[in-house]
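Take a look at the structure below.
What follows is calculated from the coordinates using simple rules that are stated; it is not laboratory data. Source: prediction; values computed, not measured. In this analysis, Cβ positions are derived from the backbone assuming ideal geometry, glycine residues included, and neighbour counts consider all displayed protein chains.
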Amino acid sequence: MNAISHLGFSWKPTTISLPREDKPGEALFIFQKNMAGIVWNSLGVFENNPSTLPQTETILQGQSVGGISIDQLSQVKRFGEGATHLIAAIKSKSFRLNLEFAKQLHALVGKEEALEWGVLRNKQVHIHEVSHIPPLAYKLPALAEKGFAFLFGEQEHGLKNPIEKAIATFLFISRNQFFFDCNKRTAALMMNGVLLSEGFYPITVLRETTEDFNEKLKAFYNSGDATDMFDYFSGVCKKLYGEAG
């Protein structure tokens, strides 16, 4: 595998299985049914958002709740809007594994929270408690073009396995920090776009694994070795769907 030259990181071969339906709409039903849980888990892990699952459900229904800040409520609402946009794209078969679709999602999840939303960052950023320095802003367009082409499978040695492709997409967007903030949220939706478009059930990080996720993600950022992150997602899949999942 030539992943390191295209994505900037590599991993050892691993086997991760997920339930799959013949029709993408059946897997999409699982995503829609569990959207509140996916939003709640994702924001708890990525942003330490304190909203409860019932509060998350209420916010996604368009209502306000007490006990959390306006910013935290907005995070839930915006991530829900990004998920809704993804659902519509899967239904219309307009989802694409490329930078332009990632920008569409970021424009929703990052609105009024990121410094700019729906566009690539134009300044250098740093990741808290991580020695890895994301690429300089002027390098991002070329990195995105090369990386997404490899992920999409356009390259001769591009990724073919949809599950591997989906997780690598999450890691590619997260490590390069293409946007001002909200990179992991955008990456998580892109990851599930890959899975759902191929009929696979969705993956979400789980609040109960927050410490493990953060430790392994920081190590991956610093080393460029994604093996432990693939192992993490393998464990998440088993928690979500059992040994057969």
In whole Hz, the Karplus estimates of ³J(HN,Hα) for segment 110-125 (6.51, -1.76, 1.60; θ = phi - 60°; x where Gly or Pro) are x, 4, 6, 10, 6, 4, 9, 10, x, 9, 5, 5, 10, 9, 6, 10
Taking 0.36 nm per residue of separation between GLU112 and GLU211 and subtracting their Cα-Cα distance, the length gained on full extension comes to 32.8 nm
Expressed in nanometres to one decimal, the distance between label points 7 Å along Cα→Cβ at ARG96 and ASN122 is 2.3
Quick calc of log₁₀ I(q)/I(0), segment 29-94, Debye, one scatterer on every Cα, no solvent, q values 0.19, 0.23 1/Å, result -0.67, -0.93
Straight-line reach check, LYS33, cutoff 16 Å on alpha carbons, 8 or more apart in-chain or any other chain, hits among lysines -> LYS91
Cross-link reach from LYS23 to aspartates and glutamates, straight Cα distance under 19 Å and at least 8 residues apart if same chain, gives GLU198
Once amide hydrogens are built 1.01 Å from N within the peptide plane, the residues lying 5 or more places from VAL65 or on another chain with amide H under 5 Å from its amide H are none
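At 25 °C and 0.890 mPa s, what whole-number value in µm²/s does Stokes-Einstein give for the translational diffusion of the chain, with Rh from the Kirkwood sum over Cα pairs? Please list the in-between numbers first.
Values: Rh = 18.0 Å.
Translational D for this selection: 136 µm²/s.
Please report the relative contact order for the chain, taking Cα pairs under 8 Å with a sequence separation of at least 6, and give it as a percent rounded to a whole number. Present the calculation step by step, with values, prior to reporting the outcome.
On the way: 357 pairs, mean separation 75.6, N = 245.
31 percent.
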Once phi for every residue in segment 175-181 is put through the Karplus expression 6.51 cos²θ - 1.76 cosθ + 1.60 (θ = phi - 60°), the whole-Hz ³J(HN,Hα) values, with Gly and Pro written as x, are 6, 7, 6, 5, 10, 6, 6
HN-Hα couplings for segment 65-74 via Karplus (6.51, -1.76, 1.60; θ = phi - 60°), in whole Hz with x for Gly/Pro, come out as 9, x, x, 10, 6, 4, 5, 5, 5, 5
Listed by chain and number, the residues whose amide H is under 5 Å from that of PHE179, excluding neighbours fewer than 5 places away on the same chain and using placed H, are ARG121
Answer in debye to the nearest 20: the dipole magnitude of the chain about its Cα centre, from +1 Lys/Arg and -1 Asp/Glu charges placed on Cβ, is 400
Cα extents of segment 63-177 along the principal axes, largest first, in whole Å, come to 52, 39, 21
Quick calc, ASP22 & ALA149: beta-carbon distance into FRET formula, R0 25 Å, rounding 0.05, result 0.30
For LYS103, counting only aspartates and glutamates whose alpha-carbon sits under 19 Å away and dropping same-chain residues fewer than eight positions off, the answer is GLU81, GLU112, GLU113, GLU116, GLU145, ASP181
